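To start, the structure under review is shown below, and the notes come after it.
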Amino acid sequence: VIDTNPLRRLNEEIFTYATKKQQEIDELKKLENFRKEFLANVSHELKTPIFAAQGFIHTLIDGAVDDKNVRDKFLDKAARSLDGLDALVQDLLTLSQMETGDIKMRYEKFDIRQLTAEVFEQLEEKADAKRIRLRFNKGNQGTVWAYADVQRIGQVMTNLIDNAIKYGREDGRVLVSFDSEKDHLLVAVKDDGPGIEPEHLKRIFERFYRIEKSRSKDKGGTGLGLAIVKHIIEAHRSKVSVTSKMGKGTTFIFKLDKGEGKN
Ligand code: ADP
């Protein structure tokens, strides 16, 4: 009788090996597709503001410059397009630096309540235009120590609060809460805007993902804000999550190390 066990084992090994290789190939293909799609997206997003600015400037050159009203309006529009382009390039740079690991996290102890107040101050004009106020769950006094990269967390708060204002309702409010959880600090940014539908909710952290593209674009976004937020929080070895209720509002939550006891 021939012992077929070694053969069977060899066969199994080959099968396992082949399956693993196939998975690796699938993974590489996915990555390659992702790259292609990303490049196409970037090119498209860059072209849009360039095209717009070009259009306004050429119309001016072709004679519109003689009418003062038209001239001012078109120059303003061209400038806005270029501002949008600038923001987009800045966001792309941040994303790529985060991904290549060129940015080292610089941990320090800072007052995140004060940082949040400063961020809101910078966005005050936008907030005032919609009469949106900032509230803290623990009032406006006292320090809340966090231990993280203060610049990067400033960017996270800027992106989240900017969204809360952009997509929030008029006369609304942005509630920022800080809660202690063992050795962690739980940060939540909550708006009382229209909310995000479940089908979109799971995709909003993707690069360039926007709900109702044209409407979001009117509000001057790059579609990269939340992708950057996710990256920064993950670089802090943490996670960001989102919950939303239609007609009630949206809440973004993440954990940071507490600053107490740190230098
Ligand atoms: P954008 O630059 O377009 O704001 P983001 O990555 O910051 O890009 O957000 C992605 C999309 O998620 C936005 O275009 C918007 O449709 C939606 N979104 C983000 N934050 C909120 C929010 N607080 N309320 C409702 N929709 C939001």
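As a fraction of the 1.4 Å probe accessible area of the chain, surface on carbon and sulfur atoms comes out at 53 percent. With R₀ set to 41 Å, the beta-carbon distance separating Gln151 from Ala18 gives a calculated FRET efficiency near 0.30. In units of the rule-of-thumb radius 2.2 N^0.38 Å, the range 113-225 shows an alpha carbon radius of gyration of 1.10.
For the range 141-157, backbone phi angles converted through the Karplus equation (6.51, -1.76, 1.60; θ = phi - 60°) give residue-by-residue couplings of 9, x, 9, 10, 7, 10, 10, 6, 7, 4, 5, 5, 5, x, 5, 4, 5 Hz, Gly and Pro being listed as x. With springs only between Cα atoms under 10 Å, which of Asp191, Asp76, Asp66 fluctuates most in a Gaussian network model of the chain? The residue with the greatest mean-square fluctuation here is Asp66. Mind running the shape call on the range 221-263? Use the C-alpha gyration tensor, a ≥ b ≥ c as the square roots of the eigenvalues: rounded below 1.5 for a/c, prolate if a/b tops b/c, oblate otherwise. Because a/c hits 1.5 or more and a/b fails to exceed b/c, the range 221-263 counts as oblate. Look at the alpha carbon pairs under 8 Å that are at least 6 residues apart: their mean separation over the length of the range 35-101 gives a relative contact order of 35 percent. Residue ranking by accessible heavy-atom surface, 1.4 Å probe, largest first, among Leu85, Leu75, Leu256 comes out as Leu75, Leu85, Leu256. Using C-alpha pairs under 8 Å with a sequence gap of at least 6, the mean separation divided by the residue count of the range 103-181 gives a relative contact order of 47 percent. Using only alpha-carbon positions in the range 25-178, the gyration tensor eigenvalues give semi-axes of 35, 28, 13 Å once each is multiplied by 5 and square-rooted (largest first). The heavy atoms of Lys248 offer some 140 square angstrom of accessible surface to a 1.4 angstrom probe. For the chain, relative contact order (Cα pairs under 8 Å, six or more residues apart, normalised by length) works out to 18 percent. Share of pairwise Cα-Cα distances greater than 11 Å in the range 89-137 is 76 percent (whole percent). Residues in the range 106-113 carry Karplus couplings, in order, of 10, 6, 7, 8, 8, 8, 6, 5 Hz; the curve used is 6.51 cos²θ - 1.76 cosθ + 1.60 with θ = phi - 60°, and Gly or Pro positions show x. Applying D = kT/(6 pi eta Rh) to the range 1-88, where Rh is the Kirkwood radius over alpha-carbon pairs, T corresponds to 20 °C and eta to 1.002 mPa s, the Stokes-Einstein value obtained is 119 µm²/s.
Take Ser177: with every protein chain present and a 1.4 Å probe, its accessible area is about 20 Å². How would you classify the chain from its alpha-carbon gyration tensor, with a ≥ b ≥ c the square roots of the eigenvalues: rounded for a/c under 1.5, else prolate if a/b is greater than b/c, otherwise oblate? Since a/c reaches 1.5 but b/c is at least a/b, the shape of the chain is classed as oblate.
The label point for Glu121 and the one for Ile25, both projected 7 Å from the Cα toward the Cβ, are 6.0 nm apart.
Reducing the range 98-138 and the range 158-227 to their Cα centroids gives an inter-centroid distance of 13 Å. Answer rounded, prolate or oblate for the range 98-170, using the Cα gyration tensor with square roots of eigenvalues a ≥ b ≥ c: rounded when a/c is under 1.5, else prolate when a/b is larger than b/c, else oblate. Taking the square roots of the gyration eigenvalues as a ≥ b ≥ c, the range 98-170 is oblate.
Calculated accessible area for the chain comes out at 64 Å² per residue, all protein chains present (probe 1.4 Å; ligands, DNA, RNA ignored). Distant-in-sequence amide contacts of Phe205, defined by a placed amide H-H separation under 5 Å and a gap of 5 or more residues or a different chain, comprise nothing.
The values are calculated or read from the model by the stated rules, or taken from the named source; none is laboratory data. Please read all numbers here as calculations on a predicted model, not as lab measurements. For neighbour counting, all protein chains shown are included, and Cβ atoms are generated from backbone atoms with ideal geometry for every residue, glycine included. SASA here: full protein model, heavy atoms, side chains in, ligands and nucleic acids out. Shrake-Rupley method; radii C 1.70, N 1.55, O 1.52, S 1.80 Å.
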